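Shown next, in structure tokens, is the structure this report addresses.
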Amino acid sequence: MQKRNNKVKFPFIMVCLIFSTVIFMALNSNIDFILNNNIENREVYQDEFSIYLNQLDLTGPNITFIQPNLNYTIIETKSYEIIVNITDEHPLLSGNVRVQISNFTNLLINASMTSSEGDSWTYKWENLSTYVNRIFYTIRVWAKDSSPNGTSSLSEAWYVYLNLPRRINLFVLRNILYIIAVSFIFAAICLYINKKTR
């Protein structure tokens, strides 16, 4: 009876071993497929991310001052043209280039610059006689390119010294002329009276 039970158990054990081996191989190949698929997906994602990064413009426009061409330039005229050269792979659009002029404490001008020939941009700073004379002013230029992410740059600060000729106060000038005229008339009257008395 024991031998017969052993004969029945042996084929059953063999079937279980074969069946478990097949299941293990199937599971193993499925895991390999999932892992390989994940690796491929990760590589595709990394490639797409690299392409996306390559498309992004991470460098802002390059801004070079043409006028003033030296830092700490002295301005002695009632108007002054600020000129910069701006280069970038992506063209700059009107309104995306601004000049900022300040007197160290307050921003006085934040205006659009005008595109001229090639990569040049200009701004005419006018009515300088209305600004405080004999002090330094700071000039900066801000520019943004037309790339999808709109990269921008701010130039270094350039300093200019406003040294306009002193204005003659018309009120004082009129008073001086008035005094001269009255003195001349008074002298003429004195001279006339002096001649009469002789």
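The values are calculated or read from the model by the stated rules, or taken from the named source; none is laboratory data. Values in this document were obtained by computation on a predicted structure and should not be read as measured data. Positions of Cβ are generated from backbone atoms using ideal geometry, with glycine treated the same way; all protein chains shown enter the neighbour counts. Protein only, heavy atoms only, side chains kept; ligands, DNA and RNA dropped before computing areas. Shrake-Rupley method; radii C 1.70, N 1.55, O 1.52, S 1.80 Å.
See the values below:
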item	result
Percent accessible area from carbon and sulfur atoms, segment 65-162, protein chains only, probe 1.4 Å	47 percent
Amide H contacts of Met113 (H built 1.01 Å from N, under 5 Å, at least 5 apart or other chain)	Gly95, Val97, Arg98, Val99
For Trp125, residues with placed amide H under 5 Å, excluding near neighbours	Tyr80, Glu81, Ile82
Distant-in-sequence amide H partners of Ser147 (H built 1.01 Å from N, under 5 Å)	none
Relative packing of 105-111, 78-84, 125-131, which averages over residues the other C-beta atoms within 10 Å, highest first	78-84, 125-131, 105-111
